[in-house]
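The values are calculated or read from the model by the stated rules, or taken from the named source; none is laboratory data. Because the structure is a prediction, the values reported are computed rather than measured. Glycine gets a Cβ as well: all are built from the backbone with ideal geometry, and neighbour counts include every protein chain shown. Heavy atoms of the whole protein, side chains included, go into the accessibility calculation; ligands, DNA and RNA do not. Shrake-Rupley method; radii C 1.70, N 1.55, O 1.52, S 1.80 Å.
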Amino acid sequence: MRLILVRHAKAEDREKWIGKDDLKRPLTKKGVKQAKQLAKYIGKKYPDVDAIISSLALRACDTAKYIAKKQAHCTFLVTPNINPEEGIEGFLKNKDEIEEDWQTLVVVAHEPAISEFVRFICAKGTLNLCVGKGCVVELEHEGYENWVLTGLRNFK
């Protein structure tokens, strides 16, 4: 099984959204460009994604929609479990979905949850990783409990 973790593309500045609903913060023009680039990369490397899971945040959903456009068919799910405030606990709540019968799953979410999750499932807490906006982290499941980091790509 392949797990592709994507940090949403560049969004509007958080400081400008103080007092507003952070979940409605949109992608910037640069973010749209990033989302299209990473969608093209994923579409070319993984043309048969089984499912895409996104947080409820607009910036994540929009990034996920660009990815979905490059897929012939896939399930598209949105969950509050991986919203920004949920952290690694949200990823762990979705662990059963991650380990379903899907061959390739894309999850579009936020930091620091992505890097914490990778550290947890790949390195049992020993990996130092910081995932930038518009970054793709590629993992493969080997054996019963072993996950291996197979790729890390930033789109600027």
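So, in segment 101-128, exactly how many residues are in contact with a Lys or Arg (Cβ under 6 Å, 6 or more places away or on another chain) and either free of Cβ contacts under 8 Å to residues at least 24 places away in the same chain or more than 21 Å from ALA39 (Cβ to Cβ) (or both)?
Total meeting the criteria: 2.
If I ask for residues that are charged (D, E, K, R) and surrounded by fewer than 18 Cβ atoms within 10 Å (Cβ to Cβ), which ones from segment 38-63 would you list? Lay out the reasoning, then the answer.
Restricting attention to segment 38-63, the residues satisfying the condition of being charged (D, E, K, R) are 40, 44-45, 48, 50, 59, 62.
Scanning segment 38-63 gives LYS40, LYS44, LYS45, ASP48.
Considering only segment 4-24, I want to know if a residue exists there that is touching a strand residue (DSSP E or B) at 6+ places or on another chain (Cβ under 8 Å), surrounded by fewer than 15 Cβ atoms within 10 Å (Cβ to Cβ) and in contact (Cβ under 8 Å) with a residue 24 or more places away in the chain.
No; the residues of segment 4-24 include none that is touching a strand residue (DSSP E or B) at 6+ places or on another chain (Cβ under 8 Å), surrounded by fewer than 15 Cβ atoms within 10 Å (Cβ to Cβ) and in contact (Cβ under 8 Å) with a residue 24 or more places away in the chain.
Anything in segment 107-156 that is open to solvent by 50 Å² or more (accessible area, probe 1.4 Å), of a type in the set (A, V, I, L, M, F, W, C) and under 25 Å from PRO80 (Cβ atoms)? List them, or say none.
Scanning segment 107-156 gives PHE120, CYS130.
Among the numbered criteria (1) in contact with a strand residue (DSSP E or B) (Cβ under 9 Å, 6 or more places away or on another chain); (2) modelled with pLDDT of 95 or more; (3) open to solvent by 70 Å² or more (accessible area, probe 1.4 Å), which one does ALA35 miss?
In the conditions (1) in contact with a strand residue (DSSP E or B) (Cβ under 9 Å, 6 or more places away or on another chain); (2) modelled with pLDDT of 95 or more; (3) open to solvent by 70 Å² or more (accessible area, probe 1.4 Å), ALA35 misses (3) alone.
Residues in segment 64-79: is at least one open to solvent by less than 40 Å² (accessible area, probe 1.4 Å), in contact with a strand residue (DSSP E or B) (Cβ under 7 Å, 6 or more places away or on another chain), modelled with pLDDT of 95 or more and within 15 Å of GLU138 (Cβ to Cβ)?
We begin by selecting, within segment 64-79, every residue open to solvent by less than 40 Å² (accessible area, probe 1.4 Å); these are 64, 67-68, 71, 79.
Adding the requirement that they be in contact with a strand residue (DSSP E or B) (Cβ under 7 Å, 6 or more places away or on another chain) leaves 64, 67-68, 79.
Those still in the list that are modelled with pLDDT of 95 or more too: 64, 67-68.
Within this subset, residues satisfying the condition of being within 15 Å of GLU138 (Cβ to Cβ) are 67.
Checking segment 64-79: at least one residue is open to solvent by less than 40 Å² (accessible area, probe 1.4 Å), in contact with a strand residue (DSSP E or B) (Cβ under 7 Å, 6 or more places away or on another chain), modelled with pLDDT of 95 or more and within 15 Å of GLU138 (Cβ to Cβ).
If you take the residues of segment 1-21 that are β-branched (Val, Ile, Thr) and farther than 14 Å from GLY31 by Cβ, which of them is modelled with the lowest pLDDT?
Applying the first criterion (β-branched (Val, Ile, Thr)) to segment 1-21 yields 4, 6, 18.
Filter once more, keeping what is farther than 14 Å from GLY31 by Cβ: 4, 18.
On the way: ILE4: 96, ILE18: 72.
So the residue we want is ILE18.
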